[in-house]
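Structure, as structure tokens:
The values are calculated or read from the model by the stated rules, or taken from the named source; none is laboratory data. Because the structure is predicted, anything quoted here is derived from the model rather than measured. For neighbour counting, all protein chains shown are included, and Cβ atoms are generated from backbone atoms with ideal geometry for every residue, glycine included. All accessible areas refer to the heavy atoms of the entire protein, side chains included, with ligands and DNA or RNA removed. Shrake-Rupley method; radii C 1.70, N 1.55, O 1.52, S 1.80 Å.
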Amino acid sequence: AGKAFRKFLPLFDRVLVERCAAETVTKGGIMIPEKAQGKVLQATVVAVGSGARGKDGEIQPVSVKVGEKVLLPEYGGTKIVLEDKDYYLFRDGDILGKYVD
């Protein structure tokens, strides 16, 4: 995956994320059919842009860093395929929050 990101770098306030895998088994061991699985809203940040320019011309850095887990909106984002893996591109302002350990 490291080589894929040398070929693609998000611009401005864009964030490239990889969605986490959907839960396929419940805690009790019951298999969940694909149609019943909810949309995965949690993702890991894999690349970030440099930031957007504010009204004063200063660059405002992106609020997340590579490796952080974030919460995404249910809809939106641009799907990108890099080396046969699906990634999604979101604006920094579209990300709902980040998980803190």
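Going by the conditions given, is residue 88 open to solvent by 40 Å² or more (accessible area, probe 1.4 Å) and in a strand (DSSP E or B)?
Working: open to solvent by 40 Å² or more (accessible area, probe 1.4 Å): yes; in a strand (DSSP E or B): yes.
Yes.
Out of curiosity, is residue 81 outside any loop (DSSP other than H, G, I, E, B), more than 12 Å from residue 19 (Cα to Cα) and either modelled with pLDDT of 85 or more or not polar (S, T, N, Q) (or both)? When the stated conditions are applied, residue 81 passes them. Filtering segment 47-78 to residues that are open to solvent by 90 Å² or more (accessible area, probe 1.4 Å) and either at pLDDT 90 or above or assigned to a loop (DSSP other than H, G, I, E, B) (or both) leaves 55, 56, 58, 61, 65, 66, 74, 75. In segment 49-73, which residue that is in contact with a Lys or Arg (Cβ under 9 Å, 6 or more places away or on another chain) and β-branched (Val, Ile, Thr) is farthest from residue 20 (Cα to Cα)? The selected residue is 59.
Pairs meeting the criteria (first residue in segment 12-31 and β-branched (Val, Ile, Thr), second residue surrounded by 10 or more Cβ atoms within 10 Å (Cβ to Cβ) and modelled with pLDDT under 75, beta carbons under 6 Å, at least 6 apart or on different chains) are 24/32. The residues of segment 18-46 include none that are among the hydroxyl-bearing types (Ser, Thr, Tyr), open to solvent by 60 Å² or more (accessible area, probe 1.4 Å) and modelled with pLDDT of 75 or more.
Can you tell me which residue is farthest from residue 11 (Cα to Cα) among those in segment 83-101 that are in contact (Cβ under 8 Å) with a residue 60 or more places away in the chain and of a type in the set (A, V, I, L, M)? Looking at the filtered set, the residue picked out is 95.
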